[in-house]
1. Please give the strands (runs of 3 or more DSSP E) falling wholly within the range 7-85 in which 3 or more residues are touching a residue at least 40 places away in the same chain (Cβ under 8 Å) and on the phi < 0 side of the Ramachandran plot.
2. The conditions are (1) within 19 Å of Thr26 (Cα to Cα); (2) touching a Phe, Trp or Tyr at 6+ places or on another chain (Cβ under 9 Å), and Ser83 fails exactly one of them. Which is it?
3. Just need a number here: residues in the range 21-59 that are surrounded by 11 or more Cβ atoms within 10 Å (Cβ to Cβ), farther than 15 Å from Thr77 by Cα, among the polar types (S, T, N, Q) and modelled with pLDDT of 95 or more.
4. Could you run through the range 60-77 and say how many residues are exposed (fewer than 14 other Cβ atoms within 10 Å of the Cβ) and either in contact with a Leu (Cβ under 8 Å, 6 or more places away or on another chain) or acidic (Asp, Glu) (or both)?
5. Being over 12 Å from the mean Cα position of the chain (by Cα) and among the β-branched types (Val, Ile, Thr) narrows it down to one of Ile32, Ile41, so name that one.
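The values are calculated or read from the model by the stated rules, or taken from the named source; none is laboratory data. Since the model is a prediction, treat every value here as computed from it, not as a measurement. Here Cβ is always computed from backbone atoms with ideal geometry, including for glycine, and neighbour counts include all displayed protein chains.
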Amino acid sequence: MKVYIIMAVLISNRTANAKTVQDLLTKFGCNIKMRLGLHEISNVCSEDGLIILQLGGSEVEIQNLQDSLNALVGVKTEIIRLSSD
């Protein structure tokens, strides 16, 4: 049974947090199959952003990524596990 692991990463104050979040995503890059970044673009770039990740790897690696991101002020994550069963 194939399980898809999706992580949503909500980032507040993107300007201040972008480099640290990027560094963590690079550190765990071998566990990231897909990455999609979203933010509002009305008159100026929004300070809030949402990153959607499709993850692979062990449960420990995924948990380490989630814990590292959640340790940052202004960053919150949620994981969704989907399977065909």
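1. Filter on the range 7-85 gives 49-55, 75-83.
2. Every listed condition holds for Ser83 apart from (1).
3. Adding up the residues that qualify gives 1.
4. As a first pass, look at the range 60-77 and keep what is exposed (fewer than 14 other Cβ atoms within 10 Å of the Cβ): 60, 63, 67, 70-71, 73, 76.
From what is left, the residues that are either in contact with a Leu (Cβ under 8 Å, 6 or more places away or on another chain) or acidic (Asp, Glu) (or both) are 67, 76.
Looking only at that region, the number is 2.
5. Numbers: Ile32 fails: over 12 Å from the mean Cα position of the chain (by Cα).
Checking each option against the conditions leaves just Ile41.
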